[in-house]
Protein chains: 2
Amino acid sequence: MTASQSSIKDVKAYMEGLGRAARAASVEIARASTAAKNLALTETARVIEAEAAALAAANARDLDAATSLDAAARDRLSLTPARIAAMAQGLREMAALPDPVGAITDLARRPSGIQVGRMRVPLGVVGIIYESRPNVTADAAGLCLKSGNAVILRGGSEALHSNQAIAACIARGLAAAGLPAAAVQVVETADRAAVGALLQSPEHVDVIVPRGGKSLIERVTAEARVPVIKHLDGVCHVYLDAEADPAKAEKVAFNAKCQRYGTCNTMETLLVHAAVASSLLPPLFARYRAAGVELRGCAATRALDAAVTPAMEDDWYAEYLAPILAVRVVSSLDEAMQHIRQYGSQHTDAIITENYSHAMRFLREVDSSSVMVNASTRFADGFEYGLGAEIGISTDKFHARGPVGLEGLTSQKWIVLGDGEVRG
Amino acid sequence: MTASQSSIKDVKAYMEGLGRAARAASVEIARASTAAKNLALTETARVIEAEAAALAAANARDLDAATSLDAAARDRLSLTPARIAAMAQGLREMAALPDPVGAITDLARRPSGIQVGRMRVPLGVVGIIYESRPNVTADAAGLCLKSGNAVILRGGSEALHSNQAIAACIARGLAAAGLPAAAVQVVETADRAAVGALLQSPEHVDVIVPRGGKSLIERVTAEARVPVIKHLDGVCHVYLDAEADPAKAEKVAFNAKCQRYGTCNTMETLLVHAAVASSLLPPLFARYRAAGVELRGCAATRALDAAVTPAMEDDWYAEYLAPILAVRVVSSLDEAMQHIRQYGSQHTDAIITENYSHAMRFLREVDSSSVMVNASTRFADGFEYGLGAEIGISTDKFHARGPVGLEGLTSQKWIVLGDGEVRG
């Protein structure tokens, strides 16, 4: 612990101290062995389990003080026994993942005689800004540690005691592995100026990952002077092509909407080719209604089913995160892709088709972080993609797109292996 | 041509128009075939050669007006017959490079049955901000076109007529290939507000590449609200290890300084292990002096050679770009790496050693965009690395490091190939 909350008067100087310590620790953690990093992860997991009662007590202090939070926010703030166990399990899974750092690729000899390749290296110092979900503290710290980065964690102020208690477990894990304590630092002040300091210190922070609601992301994006890996909306589409297999179409379109309503990769708009709307939509609509999904449609959709309410322009932009679905009939693949371009959020979009050329065009031309053929948008997820845990999902195009795992927390430098070569 | 210079009164609206047109063109250029893009490049090359006289005439207008420029700046502004031929040749070489767009990698089946992989895709719209070097117009436009991006080019105001003349050649190349004219747009106003508009329009521009001196880069970095691929200093080091091969040490240390003085990958500081300083430095110093290089050294260096002038603290930070070399004797590999960490610019650093473990530690631990063993820092270059032309050299860690070629102008999206799979 660097300071107690009440003693931090000069937030700027305090954050400057964290930043310098993180930069120094990043040098050590970057060259740490895989074994040392894995030991820190598994030892932290062990301590978290051993200290479950202490974690619950710290969390109870936060919950007692958080009288103004609504039920959903209190739930996110709660460290239940299951969540404590999941934190430990998550850290053990990270220990089992391959270490991305130091991997050399594309090493090839050039006409000059030198061998040129690329080595994967940590980004340096990662800043994580998140809301009052204390389990993010362990998850994010673990991913940064495994990828060889130092991290500064700034969680929601309501979770301060919980985060400090988790940080104490991580500190014991780092110490057991002989790694520097400053590799993982938790900001111990609720002062919002700490966020500003983190966002505007490119000398101390190499990348910011905000995790939370849209207003947090927008604030971070507007203020940041360092690169941001960010996730905005998930307005995801499934397009049922004229040559869709009806069974796959029904199965995927139902799953993409109904498997979970509140996730960013849930379908929000269903697009259907006019040639198959009258055959595909009625059975699907029956299933949506049985599941309690409200349907809002274009004029052509309503001509097929008068009980569908009219979709307004805003519906095409909506990320409902709720049992509501917008439905639009289109006259071509191009019209479907134009709709996705205009109203989508470049998150995840799928086509259902047996037509090879349509599948290939959709894959190539839809400019989203995940583009799918004959699969549910709900698969857009770090675990489903085989990345292990994800630090976030990027809807940007720069650096990383889609689920960001360990690799997204690294970069590649060039290496040159020579034998005394010089340039002529 | 979208407007003549004198008619542009509302720069904000003008830039908004360019941005919207670029965004629309980016959709078409992203899906353009390799053949069409290559035809646009080779046809532009042909037109540039055919219109060499017109290009020279436009350039003469710029040179006539640029009375306030010094000789070096006038030289950079000049479109000599050799430079015109080189622009055409550069475009033909880009046509011959592999197309990065659409390449699918790492496609693997997951336990759920879906196949997950990554597809390389353009970034979208690239903004290039550069000084009065008109040949950059053709080079940068070619690289953006080949990588499937639309581009907005904002060159130095002294080169306006030259840039417009080159843009007219590119427009003919695009037209011959059936590609949209707005894929390559040149900003036709000298108003500096145009730069600000480009830097602060994330809705129209996906990445900015500034090319020019340090003040330009610093201004762009300070003002940009979009990602920047930037190159700051090149304070490059060669470290002669205690186990350096003497012949390789002399050859590389001489070449790294003397092959060219004004380039960013030129060595500025030579570090030498104390155990070999007295044997390696005297013959090297003799060669440097014969080449006219001024030597500035630490106390230990001066103890070996009293004619070396004392190096001040500022010398260790200096990017001389001139026949001046700072020399420091260090007592260990760790001290050498600590010096590089403290004073270097994370550009390019080399170790000369026959010791395997020292080579491996230097490769892993030195956090620079290019790290070399037994090779001259002068190799840090897109052509030497086999990338073909480079859009710039990045000293950042995010997205791309070191020489940035076609791949650095792309990103990877996730693709999922399914057969009706849904998430359970």
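All of (1) more than 14 Å from chain A (Cβ to nearest Cβ); (2) on the phi > 0 side of the Ramachandran plot hold for B:Tyr130 with one exception: (2).
I'd like the full set of residues that are facing chain A (nearest Cβ under 7 Å) and either of a type in the set (A, V, I, L, M) or part of a loop (DSSP other than H, G, I, E, B) (or both), limited to segment B:400-410. Once the filter is applied, which keeps residues that are facing chain A (nearest Cβ under 7 Å) and either of a type in the set (A, V, I, L, M) or part of a loop (DSSP other than H, G, I, E, B) (or both), segment B:400-410 yields only B:Arg401. A single member of B:Ala30, B:Ala108 is farther than 19 Å from B:Ile128 by Cβ and either crowded, with 16+ Cβ neighbours inside 10 Å or within 14 Å of another protein chain (Cβ to nearest Cβ) (or both), and it is B:Ala108.
Restricted to segment B:190-210, and to residues there that are at pLDDT below 90 and in contact with a helix residue (DSSP H, G or I) (Cβ under 6 Å, 6 or more places away or on another chain), the residue that is farthest from B:Phe379 (Cα to Cα) is B:Asp191. In the set A:Ala336, A:Ala306, only one residue is more than 9 Å from chain B (Cβ to nearest Cβ) and part of a loop (DSSP other than H, G, I, E, B); that residue is A:Ala306. Within the set B:Lys413, B:Lys397, the sole residue that is in a strand (DSSP E or B), within 30 Å of B:Leu143 (Cβ to Cβ) and facing chain A (nearest Cβ under 8 Å) turns out to be B:Lys413. Restricting A:Arg328, A:Arg401 to residues that are touching a Cys at 6+ places or on another chain (Cβ under 7 Å) and crowded, with 24+ Cβ neighbours inside 10 Å narrows the list to A:Arg328. I want to confirm something. Restricting to segment B:383-394 and keeping residues that are without any contact (Cβ under 8 Å) to a residue 12 or more places away in the chain and within 8 Å of chain A (Cβ to nearest Cβ), which single residue is surrounded by the most Cβ atoms within 10 Å (Cβ to Cβ)? Result: B:Glu384. Of all residues in segment B:204-227 being within 13 Å of chain A (Cβ to nearest Cβ) and without any contact (Cβ under 8 Å) to a residue 24 or more places away in the chain, which is surrounded by the fewest Cβ atoms within 10 Å (Cβ to Cβ)? Restricting to residues being within 13 Å of chain A (Cβ to nearest Cβ) and without any contact (Cβ under 8 Å) to a residue 24 or more places away in the chain, the top hit is B:Ala222. Comparison of A:Ser357, A:Ser376, A:Ser345 shows that the only residue that is facing another protein chain (nearest Cβ under 7 Å) and of a type in the set (Ser, Thr, Tyr) is A:Ser376. Check whether at least one residue in segment A:215-229 is part of a strand (DSSP E or B), under 30 Å from A:Ile324 (Cα atoms) and among the charged types (D, E, K, R), and report yes or no. For segment A:215-229, residues part of a strand (DSSP E or B), under 30 Å from A:Ile324 (Cα atoms) and among the charged types (D, E, K, R): absent.
Of the residues A:Leu174, A:Leu153, A:Leu143, the single one that is over 27 Å from A:Glu218 (Cβ atoms) and modelled with pLDDT of 95 or more is A:Leu174.
Could you look through segment A:324-333, keep only residues that are touching a His at 6+ places or on another chain (Cβ under 9 Å) and assigned to a strand (DSSP E or B), and pick out the one that is farthest from the other protein chains (Cβ to nearest Cβ)? Here the residue is A:Val329. All of A:Ala194, A:Ala176 fail the test of being closer than 30 Å to B:Gln342 by Cα, out of contact with any Ser or Thr (no Cβ under 6 Å at 6 or more places or on another chain) and crowded, with 22+ Cβ neighbours inside 10 Å, apart from A:Ala194.
Of all residues in segment B:99-117, none are in contact (Cβ under 8 Å) with a residue 40 or more places away in the chain and basic (Lys, Arg). May I ask you to verify whether B:Ala82 is out of contact with any Asp or Glu (no Cβ under 8 Å at 6 or more places or on another chain) and surrounded by fewer than 20 Cβ atoms within 10 Å (Cβ to Cβ)? Criteria met by B:Ala82. Among the residues making up segment B:364-394, a single one is under 24 Å from B:Ala138 (Cα atoms), among the hydroxyl-bearing types (Ser, Thr, Tyr) and assigned to a loop (DSSP other than H, G, I, E, B): B:Tyr385. Within segment B:124-163, restricting attention to residues that are assigned to a helix (DSSP H, G or I) and small (Gly, Ala, Ser), which residue is farthest from B:Val11 (Cα to Cα)? The extreme case among them is B:Gly142.
May I ask you to verify whether A:Asp419 is at the interface with chain B (Cβ under 8 Å from one of its Cβ atoms), outside any strand (DSSP E or B), on the phi < 0 side of the Ramachandran plot and not aromatic (Phe, Trp, Tyr)? In short, no.
Within the span defined as segment A:47-55, one or more residues are in contact (Cβ under 8 Å) with a residue 60 or more places away in the chain, more than 30 Å from A:Val121 (Cβ to Cβ) and assigned to a helix (DSSP H, G or I).
With respect to B:Ala380, determine if the residue is on the phi < 0 side of the Ramachandran plot and touching a His at 6+ places or on another chain (Cβ under 8 Å). Criteria met by B:Ala380. If you go through segment A:341-357 and keep only what is outside any strand (DSSP E or B), surrounded by 22 or more Cβ atoms within 10 Å (Cβ to Cβ) and in contact with a helix residue (DSSP H, G or I) (Cβ under 7 Å, 6 or more places away or on another chain), you end up with just A:Thr353. Only a single item in (1) within 30 Å of B:Asp206 (Cβ to Cβ); (2) at pLDDT 95 or above; (3) of a type in the set (Phe, Trp, Tyr) is not met by B:Tyr320, and it is number (1).
Which members of segment B:225-280 meet the condition of being over 18 Å from B:Met337 (Cβ atoms) and aromatic (Phe, Trp, Tyr)? Hits for segment B:225-280 are B:Phe254, B:Tyr261.
The values are calculated or read from the model by the stated rules, or taken from the named source; none is laboratory data. Note that this is a predicted model, so its numbers are computed, not measured. With ideal geometry, Cβ positions are generated from the backbone for all residues, glycine too; neighbour counts draw on all protein chains shown.
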